Amino acid sequence: MKKIKIQLLLNILDEVTKRFDELFELKEQLLEETNYKATHDLLTGLYNREAFEKELAKWINDNTKFCLVFLDLDNFKEVNDNYGHEKGDEILIHTAEIMRENLKGMDLIGRIGGDEFVMAIKDCDKVCAKHILDAIEYEIKRHFKHFDVSASIGGVIFPDEGENYKDLLKKADEKMYKVKETGKGRVLV
Amino acid sequence: MIARIYNSTQTILKFAIEDIFRQFKKDFFIDDYDFLIFGINSDYPYRDVNSTIKKILKTDKFVAFNAIDLFANADTLEGIVALFIKFERDGAIDTYYQDNFVSIKNCVNYLKSHKDALNIIISGVSNQVPTFLDRINKKIIDDDIFLIGGLSSGYLDREELVTYQYVDDKIIKNGFVIISFKNVEFQKGISLGYKPIGPIYNVNLSKDNRLYVAEYQDASLIAKNLLNGMDSQDITNLWYSPVVILDDKDGEVDVVRTFKSFKEGEYVEFFGPIPNTSKVKLSFATEDMLIESDKKEAIKIKNKLNEIELGLNFSCIARQFALGDKQNEETKLYSEIFNAPMFGFFTFGEIGMNKTFETFKFYNQTSLICGIKEK
């Protein structure tokens with residue numbers, strides 16, 4: 001009888017341990033979800049503005065060479081106005097997929113505004129960046145030709161064209177605007 | 001009130017009743033009786049119970065019932081135990097019985113007319129008992145009626161579980177009898193002793209006594225996991241660790257439920273209902289914890305009543321199993337503390353009041369005790 005009781009208590013302890021494990025897993029899961037929500041754009045799954053900047057700061061501190069890219073969708077507002085926000089959201093999600101497909105896992109992608117995206121392409125010079133970004137621009141134009149949506153893209157190289165994130169972003173933004181002003185749907189690095 | 005208890009373990013029914021009658025006749029303290037209650041092991045031929053008692057004692061002022069083990073003062077025995085009652089003042093006994101759990105009208109009327117009495121219920125084993133009690137509860141909620149008792153216990157006889165009651169020349173096979181002590185003072189206690197331990201299981205799907213899904217998992221796993229590593233997979237191994245159903249208002253233990261069986265991948269079954277959406281928890285007690293709880297309740301009753309003329313104990317068979325080597329200590333302890341004759345039996349489920357003494361409840365694995373004296 002004593003043997004049965006001891007085994008029973010051990011089995012109850014197992015049940016308690018299992019429940020603790022479940023609780024611990026649940027806590028980890030919740031923590032992960034909370035962290036994800038705090039650092040990601042929930043529509044596209046890309047980094048949000050703060051998280052992108054934070055990740056990029058590590059590269060800058062390590063003096064890692066990269067190309068910072070500013071991408072803005074052309075005629076996106078018209079899609080929202082004419083086809084509704086659901087269609088607009090679809091285009092944003094698809095744009096994020098195109099960027100992911102054309103970049104490597106170690107590169108960074110973020111959504112920092114309505115139709116504004118940023119990318120950081122690691123260990124990349126102007127020629128390499130131009131090659132990748134042309135492919136992205138081409139894919140976006142091809143996919144969204146029915147909506148007349150294209151991408152204006154500007155890119156700058158760290159550390160050649162700027163020393164900090166703000167400076168680099170400003171310069172990439174200026175290049176992107178230059179593209180917008182000169183006909184849209186192009187890459188300028 | 002004079003209460004005297006006699007017993008016999010003679011294997012022939014006639015000889016056992018004669019033995020008891022002989023003891024009564026020899027007793028210097030009692031020469032007459034107003035009522036008799038017999039507890040009879042279900043191995044005796046049930047068809048002969050009424051006629052044998054009637055023939056030998058030449059009376060029909062009795063109720064008998066089946067029980068595997070019976071309490072006779074400080075002893076626990078298999079056989080026949082008889083309680084002889086002689087009132088000295090205005091004490092009296094009424095009885096009520098019915099052979100079904102369908103109609104509640106007459107039973108409610110009877111109970112309402114016995115508000116001040118100590119009503120003792122002895123029922124047959126049926127899954128309908130908890131529902132029947134719930135239906136009565138709805139009709140008596142503010143009536144201050146007191147009821148205590150248990151389900152007769154017995155063995156299987158050709159697929160028939162012999163847990164009958166015998167009254168008024170009848171054999172009640174699927175019903176109950178109520179014995180009402182009038183003009184008596186009484187105090188009652190519910191001894192539990194099990195300490196809730198382990199995780200809480202939220203019941204997601206249950207029906208009657210079967211629990212199907214708890215914590216969104218197959219509930220049979222609870223029993224299976226608890227039996228893990230044991231030489232025998234006998235479900236009685238889990239009688240040391242019954243589940244407690246927690247009160248949905250205060251989170252305290254409401255009732256205990258004893259494991260009955262489990263079917264892997266389907267359900268785990270208990271000796272009482274598990275309400276849907278309730279919260280249950282495992283529990284555990286050592287023999288000493290059970291005895292300590294008995295002692296506490298018995299002392300409470302003794303202090304309130306001071307002098308006790310008769311003690312009653314309705315104790316679950318699974319509790320007795322869990323008491324192991326200390327099985328005899330429970331009734332011995334009650335007998336010592338009450339300093340009075342003790343009568344009772346091993347039940348297949350107890351019937352008592354809820355915590356606030358407003359409604360009737362079906363219990364498992366408890367010892368319901370009561371001290372009585374004539375007013």
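Residues being basic (Lys, Arg), within 14 Å of chain A (Cβ to nearest Cβ), out of contact with any helix residue (DSSP H, G or I) (no Cβ under 6 Å at 6 or more places or on another chain) and in a strand (DSSP E or B) are entirely absent from segment B:218-237.
Of the helices (runs of 4 or more DSSP H) entirely within segment A:1-93, those holding at least 3 residues that are surrounded by 12 or more Cβ atoms within 10 Å (Cβ to Cβ), within 14 Å of chain B (Cβ to nearest Cβ) and touching a strand residue (DSSP E or B) at 6+ places or on another chain (Cβ under 6 Å) occupy A:2-39.
Filtering segment B:8-27 to residues that are closer than 22 Å to B:Ala67 by Cβ and either among the aliphatic types (A, V, I, L, M) or in a loop (DSSP other than H, G, I, E, B) (or both) leaves B:Thr9, B:Gln10, B:Thr11, B:Ile12, B:Leu13, B:Ala16, B:Ile17, B:Ile20. Scanning segment B:49-92 for residues that are hydroxyl-bearing (Ser, Thr, Tyr) and touching a strand residue (DSSP E or B) at 6+ places or on another chain (Cβ under 9 Å), we see that the one that is nearest to B:Ile372 (Cα to Cα) is B:Thr76.
In segment B:177-206, which residues are of a type in the set (D, E, K, R) and at pLDDT below 95? Within segment B:177-206, B:Lys188, B:Lys195 qualify. Among the residues of segment B:28-49, those identified as within 13 Å of B:Phe84 (Cα to Cα) and in a loop (DSSP other than H, G, I, E, B) are B:Phe29, B:Ile30, B:Asp31, B:Asp32, B:Tyr33, B:Asp34. For B:Glu309, the conditions (1) at pLDDT below 95; (2) more than 17 Å from the chain's Cα centre (by Cα) are fulfilled apart from (1). Criterion applied to B:Asn183, B:Asn202 was being out of contact with any Pro (no Cβ under 7 Å at 6 or more places or on another chain) and not assigned by TED's automatic domain parsing to the domain that holds B:Ala67, and the one residue passing it is B:Asn202. Going by what's in this entry, would B:Leu282 be described as of a type in the set (A, V, I, L, M, F, W, C), in a strand (DSSP E or B), within 14 Å of chain A (Cβ to nearest Cβ) and out of contact with any Phe, Trp or Tyr (no Cβ under 6 Å at 6 or more places or on another chain)? Taking the combined requirement at face value, the residue satisfies it.
For B:Ser152, the criteria (1) buried (at least 16 other Cβ atoms within 10 Å of the Cβ); (2) at pLDDT below 90 hold in every case but one, which is (2).
The values are calculated or read from the model by the stated rules, or taken from the named source; none is laboratory data. This structure is a prediction, so every number in the text was calculated from the model and none was measured. All Cβ positions, even for glycine, are placed from backbone atoms using ideal geometry, and neighbour counts span all protein chains on display.
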